[in-house]
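Laboratory data are not the source of any read-out in this text; all were calculated from the coordinates shown. Computed from a prediction, not measured in an experiment: that's the story for all the values here. Using ideal geometry, Cβ is built from the backbone for each residue, glycine included, and neighbour counts are taken over all protein chains shown.
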Amino acid sequence: MSNCAICQAPLPLDSATCIYAVPESEAPWRADYAAMHRGSMTHLEHKIHVARWSLHNASSQTEKALGVFRTLALAHAGERIHVFQVSEARA
Ligand SMILES: [Zn+2]
C-alpha cells in the first residue's frame with residue numbers, strides 16, 4: 001500500500017485516486033463537526049482531514065496555511081482516519 005503523493009493519506013490501491021482529491025461539496029471533513037460533537041472523532045483527526053483536503057485544494061489556501069497542513073500531513077503519513085458520511089453523522 002502506498003500513500004498519496006500530495007497529502008500522504010493511505011491509498012486503498014496503488015492506482016486509486018485519493019479520497020481527498022474532491023471539491024468542497026464532497027470534502028471528507030463535512031460530517032466531522034457532528035462526529036466530534038458525538039465524541040466519535042477527535043479534534044486532531046478532524047485537523048488531519050482538513051489538512052489533507054486543503055493540500056489537494058491548495059489554490060484557496062495561503063502559503064503559510066499550506067506549510068502547516070504539509071507538516072501535519074507528513075506527521076500522520078499513512079494513518080487511516082475514519083471518514084464519516086453526512087447521513088451517518090446525523091444519526
Ligand atoms: Zn491525497
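Over the chain, the fraction of Cα-Cα pairs per 10 Å bin, rounded to whole percents and listed from the shortest bin up, is 18, 49, 31, 3. Largest GNM mean-square fluctuation among 50, 22, 68, using the chain with Cα springs under 10 Å: 68. Taking amide hydrogens as placed 1.01 Å from N in the peptide plane, the amide H of residue 3 sits under 5 Å from those of 11, each at least 5 positions away in sequence or on another chain. A Cβ-based charge dipole, computed about the Cα centre of the chain with Lys and Arg at +1 and Asp and Glu at -1, lands at about 180 debye.
Counting neighbouring Cβ atoms within 10 Å and putting the fewest first, the residues 81, 6 line up as 6, 81. As I understand it, the value is the acute angle between the Cα axis of helix 63-75 and the longest principal axis of the Cα atoms of the chain; what does it come to in degrees, rounded to 10? On a 0 to 90 degree scale, this one is about 80. Give me the angle, in degrees from 0 to 90, between the Cα long axis of helix 43-56 and the longest principal axis of the Cα atoms of the chain, rounded to the nearest 10. That works out to roughly 50 degrees.
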